[in-house]
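Asks: Before anything else, here's the structure in question.
The values are calculated or read from the model by the stated rules, or taken from the named source; none is laboratory data. Only a predicted model underlies this, so the values are computations on that prediction, with no experimental measurement involved. Cβ sites come from the backbone with ideal geometry, for glycine too, and all protein chains shown count toward neighbours.
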Amino acid sequence: MTARREGGTPPVIPLTSGVLHCFALFHLNLAFSSIEEEQRATVVRDCYGPLLDLAERHGPIGIEATAYTLLAIAKCDANWPARLKDLIGRGRVEFIGSGYAQAIGPLLPADMVAANLRLGNDAYRKMLGLTPRIGLVNEQTWSGGLVGQYLDAGYQALLVDWDNVANFHPGWTQPMRYAPQRALGSDGRDIPILWTNTVAFQKLQRLAHDDISLDEYLAFVSGQRGEEDRTVCLYASDAEIFGFRPGRYRTEESNQGGTEWMRINAALEGLRDLPGVRLVSPSGALNAAHAAPIRLETAPYPIPVKKQRKYNVTRWAVSGRDDIAINAACQRIHDALKRTDAPDDDWRELCRLWASDFRTHITQSRWERYCRDLAALETRLGTAPAVALPAAAGEPITDRHIEIETRSLRVRLDRRRGLAIQRAGFAPDFTPLIGGIAHGHFDDIALQADWYTGDCVFEAPGEPKVTDLDWATTHIARAPGGKVVVHGVIASPLGPIVKIMTFHAHSPRIDFDLELQWENWGRGALRLGHITLLGEAFDEQSLCFTTTNGGAPERFALAGQTVEHGAPVSFLVSAACALGMTEGWIELADRSRKVRIEVDRAVAPLVGLINHRSTGGKLFCQLLLSALELDDTRKPSPYGNGPRRFRFSIMG
């Protein structure tokens, strides 16, 4: 199972009892957020050249790169790809694939994930004469829906981070971390996986940066041995941090140039002399993934990500400079390309524009260039954002409570609380399924508050909450087909919040169209919707949620689970996890009832946060739609000026 030439046979390396099998792969990324384009040639010379020297001396080692990075390298050094191809042919390098661009699969529509993998394979075949058989999931951001995507693209194994996945599986045994496994996908298929190891790759980094000695490093690796055969990934991270410094952090070690690669060379030499340690290729480590398939994702942690918990999927979805706006623009471009017989060049450009590095610590000059490129493609394809909200129409309302009734809905709104839904029932039986829960309903002190449905909350560090839970200047009108339209304006300290709610007659559906007319779009967390289930209407034991995260639908049971996706990780990171909702929907359902929420991703691709627990025999379950989160990538710099608009729907 190796990156091989078409028609070739992967090597089979027998493993012997009691041996520690070590493999390493180096991740190459010339689109790295903090690297200016004019620095790329330096990176190729000082990082990627020595890496090939390392492979020449100590191979086989793994090298992973997107097709975009390989093409960018060729522009800097036309000989480098030819040398890589030669080393692959001589068995000194095993090439690991990842697609055309480093785009986050659990945040992309399924057909976009497939396009990224297909276009990557096309370029790999053209440049290297091979189709990779082992893949590194981009940013090691996993979802069960990706299994089928990689299998369909021809991959036969994947690399996944152990640490964060295992943290949410307390029943997993220690030997599992040292052996290949099989990951179960949401479509029922499974794929072999090799574990990567955060501590191990950071140890090699520390050795290279002269933070620990060679003896300390070798002792660490030797300490991973056990009575049985074990497999350890020594390295599965950036090559650009050896011999180069992007200048992102004030705490970066000083650049020691080629001596860092010399230390890595010395480490591999030392490992070859350690008793019971064997250096193998990634495919050589994938000796026997015959265990029963396991599911990596869980309801509390549906999209596992590498390294520390600050690295969660929200950093590429709703943080950065203006992730929500640029992701919406990419979605609009995607939708336009699907409507036409678009050439692959347009799909390649969209893969590039949807890449992760534009969504984190991108430099100012690259951000400005990116915005120009994104806007130019939008202009060419005519994918302008949605028009402004319509003005208020109909009868003014002065009562606090508004009763809405159509053939499909029975809803009560609270005008004193920004038109929050107190209760909503859907045809055919009109049992209230969502709404508000009054203060004191739960004995748990953590839940002793008023809970609403349909509200907005913005929280910034050290500042009072900003919400729409205040009087709404309200108008109500009848629309064609028996629809009822409620138009409200709520004042807030940051500016007006306009809320239009459409209550359908021919389907059990409530549409929300929101506009936040705020000038300051700063650092903080903005959550919308807060769809709160009325616990007495649902069977707790069969309750689950289902959505898509880049592939086939994924279902998560909630019985007995405490889920807090929106809980802060630290003062700097406002959420622990999220759901990509990549086809624009999520369902909360038990064996007999269902609530479905749909998001207009072309306006704003909101991500989902589940908050669920059972306390004192009572169920609390809520879905929040996140438009903004706070983390280390947040650096407000809007893609476009003007009010922010969000559209979503709730259906029974």
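Asks: Assess whether residue 97 counts as being buried (at least 22 other Cβ atoms within 10 Å of the Cβ), touching a residue at least 24 places away in the same chain (Cβ under 8 Å) and either at negative phi or not polar (S, T, N, Q) (or both).
Replies: yes
Asks: Among the residues of the range 173-189, which ones are modelled with pLDDT of 95 or more and touching a helix residue (DSSP H, G or I) at 6+ places or on another chain (Cβ under 8 Å)?
Replies: Once the filter is applied, which keeps residues that are modelled with pLDDT of 95 or more and touching a helix residue (DSSP H, G or I) at 6+ places or on another chain (Cβ under 8 Å), the range 173-189 yields 183, 184, 185, 186, 187, 189.
Asks: Report, by residue number, each residue of the range 497-517 that is out of contact with any Leu (no Cβ under 7 Å at 6 or more places or on another chain), among the acidic types (Asp, Glu) and crowded, with 20+ Cβ neighbours inside 10 Å.
Replies: Listed by number, the list is empty, since nothing qualifies.
Asks: Give me the residue from the range 109-153 that is closer than 25 Å to residue 163 by Cβ and among the aromatic types (Phe, Trp, Tyr) and, out of that set, farthest from the chain's Cα centre (by Cα).
Replies: So the residue we want is 150.
Asks: Just wondering, is there one or more residues in the range 609-624 that are buried (at least 20 other Cβ atoms within 10 Å of the Cβ), within 15 Å of the chain's Cα centre (by Cα) and not assigned by TED's automatic domain parsing to the domain that holds residue 327?
Replies: Checked the range 609-624: at least one residue is buried (at least 20 other Cβ atoms within 10 Å of the Cβ), within 15 Å of the chain's Cα centre (by Cα) and not assigned by TED's automatic domain parsing to the domain that holds residue 327.
Asks: Suppose we keep only residues that are at pLDDT 95 or above and either of a type in the set (Ser, Thr, Tyr) or touching an Asp or Glu at 6+ places or on another chain (Cβ under 9 Å) (or both) within the range 556-575. Which one would you say is surrounded by the fewest Cβ atoms within 10 Å (Cβ to Cβ)?
Replies: Going through the qualifying residues, I end up with 562.
Asks: Now for a separate question. Being surrounded by fewer than 17 Cβ atoms within 10 Å (Cβ to Cβ) and of a type outside the set (A, V, I, L, M, F, W, C) is the filter; apply it to the range 183-202 and report the residue that is nearest to residue 19 (Cα to Cα).
Replies: 202
Asks: Still on this structure, I have one more. Working only within the range 385-418, note down all residues that are under 36 Å from the mean Cα position of the chain (by Cα), at pLDDT below 95 and small (Gly, Ala, Ser).
Replies: Those that are under 36 Å from the mean Cα position of the chain (by Cα), at pLDDT below 95 and small (Gly, Ala, Ser): 386, 388.
Asks: Here's something else I'd like to know. Go through the range 132-144 and give me each residue that's surrounded by fewer than 24 Cβ atoms within 10 Å (Cβ to Cβ) and closer than 14 Å to residue 93 by Cα.
Replies: 133
Asks: Looking at (1) within 31 Å of the chain's Cα centre (by Cα); (2) modelled with pLDDT under 95, which is the only condition residue 18 fails?
Replies: The single condition residue 18 does not satisfy is (1).
Asks: Sticking with this structure for a sec: Could you check, for the range 317-327, whether at least one of its residues is touching a strand residue (DSSP E or B) at 6+ places or on another chain (Cβ under 9 Å), assigned to a loop (DSSP other than H, G, I, E, B), hydroxyl-bearing (Ser, Thr, Tyr) and not assigned by TED's automatic domain parsing to the domain that holds residue 549?
Replies: As a first pass, look at the range 317-327 and keep what is touching a strand residue (DSSP E or B) at 6+ places or on another chain (Cβ under 9 Å): 317-319, 323-325.
This time we only want the ones that are assigned to a loop (DSSP other than H, G, I, E, B), so: 318-319.
With hydroxyl-bearing (Ser, Thr, Tyr) added as a condition, the list becomes 319.
Applying the additional criterion that residues be not assigned by TED's automatic domain parsing to the domain that holds residue 549 yields 319.
The answer is yes; a qualifying residue exists.
Asks: So in the range 430-476, with the set limited to residues that are of a type in the set (S, T, N, Q) and under 27 Å from residue 571 (Cβ atoms), which one is surrounded by the most Cβ atoms within 10 Å (Cβ to Cβ)? Give the derivation first.
Replies: Taking the range 430-476 as the starting set, the residues that turn out to be of a type in the set (S, T, N, Q) are 431, 448, 453, 467, 473-474.
Still in the running and under 27 Å from residue 571 (Cβ atoms): 448, 467.
On the way: 448: 11, 467: 19.
Per the criteria, the residue is 467.
Asks: Pairs under 7 Å by beta carbon, first residue in the same structural domain as residue 150 (by TED's automatic domain parsing) in the range 115-131, partner of a type in the set (Gly, Ala, Ser) and in a helix (DSSP H, G or I), six or more apart or different chains?
Replies: From the range 115-131, the pairs are 119/67; 120/67; 123/67; 124/67.
For (1) in contact with a Ser or Thr (Cβ under 9 Å, 6 or more places away or on another chain); (2) charged (D, E, K, R), each residue gets a yes or a no:
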| site | (1), (2) |
| --- | --- |
| 531 | yes, no |
| 551 | yes, no |
| 577 | yes, no |
| 590 | yes, yes |
| 603 | no, no |
| 607 | yes, no |
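Asks: Considering only the range 307-327, state which residues are farther than 20 Å from residue 383 by Cβ and among the hydrophobic types (A, V, I, L, M, F, W, C).
Replies: 313, 316, 318, listed by residue number.
Asks: Under 7 Å between Cβ atoms, at least 6 apart or on separate chains: pull out the pairs that start in the range 631-652 with a residue that is under 18 Å from residue 572 (Cα atoms) and end on any residue that is of a type in the set (Val, Ile, Thr).
Replies: Matching pairs, first to second residue: 631/314; 631/573; 633/360.
Asks: Then there is this: Looking at (1) part of a loop (DSSP other than H, G, I, E, B); (2) under 30 Å from residue 184 (Cβ atoms); (3) at pLDDT 85 or above, can you tell me which one residue 284 breaks?
Replies: All conditions are met except number (1).
Asks: State whether one or more residues within the range 477-493 are buried (at least 17 other Cβ atoms within 10 Å of the Cβ) and free of Cβ contacts under 8 Å to residues at least 40 places away in the same chain.
Replies: Yes.
Asks: Would you point out which residue out of 517, 561 is in contact (Cβ under 8 Å) with a residue 40 or more places away in the chain, farther than 29 Å from residue 444 by Cβ and of a type in the set (S, T, N, Q)? Lay out the reasoning, then the answer.
Replies: Numbers: 561 fails: farther than 29 Å from residue 444 by Cβ.
Checking each option against the conditions leaves just 517.
Asks: Sort out which residues of the range 190-237 are in contact with a strand residue (DSSP E or B) (Cβ under 8 Å, 6 or more places away or on another chain), modelled with pLDDT of 95 or more and among the acidic types (Asp, Glu), and write them in order of number.
Replies: 190
Asks: Could you tell me which residue of the range 296-326 is modelled with the lowest pLDDT, considering only residues that are basic (Lys, Arg) and touching a helix residue (DSSP H, G or I) at 6+ places or on another chain (Cβ under 8 Å)?
Replies: Here the answer is 309.
Asks: Another question, then. From 487, 506, grab the single residue that is over 24 Å from residue 318 (Cα atoms) and not in a strand (DSSP E or B). Explain how you work it out, then say what you get.
Replies: On the way: 487 fails: not in a strand (DSSP E or B).
506 is the lone residue from the list that is over 24 Å from residue 318 (Cα atoms) and not in a strand (DSSP E or B).
Asks: Now for a separate question. Checking the structure you have, find out if any residue of the range 74-91 is in contact (Cβ under 8 Å) with a residue 60 or more places away in the chain and surrounded by 18 or more Cβ atoms within 10 Å (Cβ to Cβ). Break it down into steps so the answer makes sense when it comes.
Replies: Start the filter on the range 74-91 by keeping residues that are in contact (Cβ under 8 Å) with a residue 60 or more places away in the chain, which leaves 88-89, 91.
Retained after the next criterion (residues that are surrounded by 18 or more Cβ atoms within 10 Å (Cβ to Cβ)): 88.
Looking through the range 74-91, at least one residue is in contact (Cβ under 8 Å) with a residue 60 or more places away in the chain and surrounded by 18 or more Cβ atoms within 10 Å (Cβ to Cβ).
Asks: What's the total number of residues in the range 203-230 that are touching a residue at least 24 places away in the same chain (Cβ under 8 Å), surrounded by fewer than 18 Cβ atoms within 10 Å (Cβ to Cβ) and part of a helix (DSSP H, G or I)?
Replies: Of the residues in that region, 2 qualify.
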